[in-house]
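Student: Before I ask anything, here is the structure I am working with.
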Amino acid sequence: MFSWENPDDRVAIVQMNSELRHARLELLSAECATHQLRLRFSTEDIARYAEPDLLRKAIHSAATLNDFYASIERQIPQAGQFSPPSGPKLNEEQALEISASLSAYVREQRDRYFPSAMPLGAQRKAIMQPFFPPALLGRIRAVELEGACFPDPPFYSKARDLGFLSLPNFSQMPSLTFLDVVVFRDQMTDSALFHGLVHSVQFQILGLQRYADLLVRGFLRTNAHFAVPLEAHAFALESRFARNALESFSVEEQVRLWIRESRY
């Protein structure tokens with residue numbers, strides 16, 4: 001059994017949580033696909049008309065996963081036992097201050113990169129067309145930094161003073177989205193572009209200030225960048241695209257669905 005006091009075990013625990021985040025994103029993608037199925041078809045029609053072998057395999061996978069996670073749930077420590085370090089606790093004024101700083105940073109970086117950014121080429125637009133509105137694809141600009149790292153934003157020092165100790169490392173980010181500008185640390189890939197475009201849709205629908213506020217409050221709840229709902233949704237949709245780029249779906253509809261269901 002792992003011990004948090006053992007340095008080697010701490011490394012393994014970090015790796016375990018990284019793999020759990022990946023599993024969670026895959027499960028989230030499956031949940032989104034199942035929700036779409038539930039919206040369109042009744043359980044009676046699925047049971048009667050679905051391909052029997054396909055349906056049995058889906059049920060078996062869901063049941064196996066449920067059994068596995070249920071067995072874990074029964075072993076979760078009770079209150080007072082070990083729990084990982086909690087995130088910062090901010091008052092409303094502090095949360096609004098961080099949100100405002102984040103909004104200002106996004107706007108500044110958008111204005112910084114926009115002059116050197118290029119429109120998407122015809123081939124990239126064709127690949128993304130089944131998932132994003134043509135108007136959005138026409139507005140998006142992209143920049144490739146050829147290996148240069150993103151510096152941490154200026155407000156990070158203040159955020160750390162407020163207790164944010166697990167902030168994402170910008171130098172390891174493959175890309176960042178600033179409204180309608182997607183900046184790539186290295187060469188642009190289809191998957192990385194898709195991820196960036198999801199965030200651009202979120203910006204477009206939510207607005208910059210609400211996006212920043214949801215990002216900050218999501219981080220306060222989860223204390224992990226990849227678990228923030230805005231980011232988790234982008235990863236889940238990117239994973240769905242990567243598995244089958246021929247399966248078209250509307251990212252805008254997915255984002256609006258999450259907003260209606262208050263999942264952000």
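Student: To the nearest 0.05, what FRET efficiency results for I72 and S116 with a Förster distance of 41 Å applied to their C-beta separation?
Tutor: For R0 = 41 Å, the calculated efficiency reads 0.25.
Student: Now for a separate question. Can you give the accessible area of E73, probe radius 1.4 Å, in Å² rounded to 10?
Tutor: Per-residue accessible area (E73): approximately 130 Å².
Student: Follow-up. Could you pull out the trypsin sites (Lys or Arg not before Pro) across the stretch 85-162 that fall in loop regions by DSSP (anything but H, G, I, E, B) with no more than 11 other Cβ atoms inside 10 Å? Please report the intermediate quantities before stating the final value.
Tutor: On the way: sites: K89, R107, R110, R112, R124, K125, R139, R141, K158, R160; in loops: K89.
Within the stretch 85-162, the qualifying trypsin sites (Lys or Arg not before Pro) (loop, at most 11 other Cβ atoms within 10 Å) are K89.
Student: Is the C-alpha gyration tensor of the chain telling us rounded, prolate or oblate? Criteria: a/c under 1.5 is rounded; beyond that, a/b larger than b/c is prolate, otherwise oblate. Spell out each step's value before the answer.
Tutor: Working: a/c = 1.78, a/b = 1.07, b/c = 1.66.
Judged from the Cα gyration tensor, the chain comes out oblate (a/c at least 1.5, b/c at or above a/b).
Student: Follow-up. What percent do you get for the relative contact order of the chain when only Cα pairs under 8 Å and 6+ apart count? It would help to have the intermediate numbers written out before the result.
Tutor: Values: 236 pairs, mean separation 56.2, N = 264.
It rounds to 21 percent for the chain.
Student: While we're on this one: Assign unit charges at the C-beta atoms only (+1 for Lys and Arg, -1 for Asp and Glu), then state the dipole size of the chain relative to its Cα centre in Debye, rounded to the nearest 20.
Tutor: That gives the chain a dipole magnitude of about 480 debye.
Student: Compute the length gained on full extension between T34 and R48: take 0.36 nm times their separation in residues and subtract their Cα-Cα distance, giving the result in nm to one decimal.
Tutor: 3.3 nm
Student: Now for a separate question. Keeping all protein chains in place and using 1.4 angstrom, which order do H60, H233, H35 fall into by accessible surface area, from largest down? Write down the numbers at each step before the final one.
Tutor: Working: H60 125, H233 0, H35 25 Å².
From most accessible down to least: H60, H35, H233.
Student: Also: Among all the lysines, which ones have a C-alpha under 20 Å from K158's C-alpha, if same-chain residues fewer than 8 places away are not counted?
Tutor: Within reach: K89.
Student: Just to be sure I understand: with springs between alpha-carbon atoms less than 10 Å apart, which residue in F184, F41, F219 has the highest mean-square fluctuation in the Gaussian network model of the chain?
Tutor: It is F41.
Student: Just for the chain, what percent of DSSP beta bridges are antiparallel, to the closest 5?
Tutor: 60 percent
Student: For an R0 of 25 angstrom, estimate the FRET efficiency from the Cβ-Cβ distance between Q209 and L165 and round to the nearest 0.05.
Tutor: Values: r = 25 Å, r/R0 = 1.02.
The calculated FRET efficiency here is 0.45.
Student: So, one more: Kindly identify the stretch 128-264 as rounded, prolate or oblate by the Cα gyration tensor criterion: order the square roots of the eigenvalues as a ≥ b ≥ c, call it rounded if a/c is under 1.5, otherwise compare a/b with b/c, prolate if a/b is larger, else oblate. Provide the component values of the computation, followed by the final result.
Tutor: Working: a/c = 1.82, a/b = 1.27, b/c = 1.44.
Cα axes put the stretch 128-264 in the oblate bin.
Student: Using a 1.4 angstrom probe and counting only protein chains, how large is the accessible area of L176 in Å², to 10?
Tutor: Near enough 20 Å² of accessible area.
Student: Using +1 at the C-beta of Lys and Arg and -1 at the C-beta of Asp and Glu, which of F203, L220, H233 has the Cα lying farthest in the positive direction of the dipole of the stretch 201-255?
Tutor: The residue sitting most towards the positive pole is L220.
Student: Continuing with this model, one more query. Residue by residue through the stretch 194-205, which ³J(HN,Hα) values in whole Hz follow from phi under the Karplus form 6.51 cos²θ - 1.76 cosθ + 1.60 (θ = phi - 60°), with glycine and proline marked x?
Tutor: So the Karplus estimates, Gly and Pro as x, are 4, 4, x, 5, 4, 5, 5, 5, 4, 4, 4, 7 Hz.
Student: Here's something else I'd like to know. Return the FRET efficiency for the residue pair A100, R21: r is the Cβ-Cβ distance, R0 is 45 Å, and the value is rounded to the nearest 0.05.
Tutor: Here the calculated transfer efficiency is 0.95.
Student: For the chain, give the percent of accessible area contributed by carbon and sulfur heavy atoms, probe 1.4 Å, rounded to a whole number.
Tutor: Here it works out to 55 percent.
Student: Also, I was wondering about something else. Pull out the extension gain between E146 and I59, defined as 0.36 nm times the separation in residues minus the alpha carbon to alpha carbon distance; nm, one decimal.
Tutor: Going from the current span to full extension adds 26.8 nm.
Student: Rolling a 1.4 angstrom probe over the protein heavy atoms, how many square angstrom per residue are accessible across the chain?
Tutor: Per residue, the chain has an accessible area of 60 Å².
Student: Work out from phi, with θ = phi - 60° and the Karplus expression 6.51 cos²θ - 1.76 cosθ + 1.60, the ³J(HN,Hα) of each residue of the stretch 156-170, listed in order in whole Hz, and give x for Gly and Pro.
Tutor: Here the 3J(HN,Hα) series is 4, 4, 5, 4, 5, 4, 7, x, 6, 9, 10, 5, x, 7, 5 Hz.
The values are calculated or read from the model by the stated rules, or taken from the named source; none is laboratory data. Source: prediction; values computed, not measured. Cβ coordinates were reconstructed from backbone atoms using ideal geometry, including for glycine residues, and neighbour counts include every protein chain displayed. All accessible areas refer to the heavy atoms of the entire protein, side chains included, with ligands and DNA or RNA removed. Shrake-Rupley method; radii C 1.70, N 1.55, O 1.52, S 1.80 Å.
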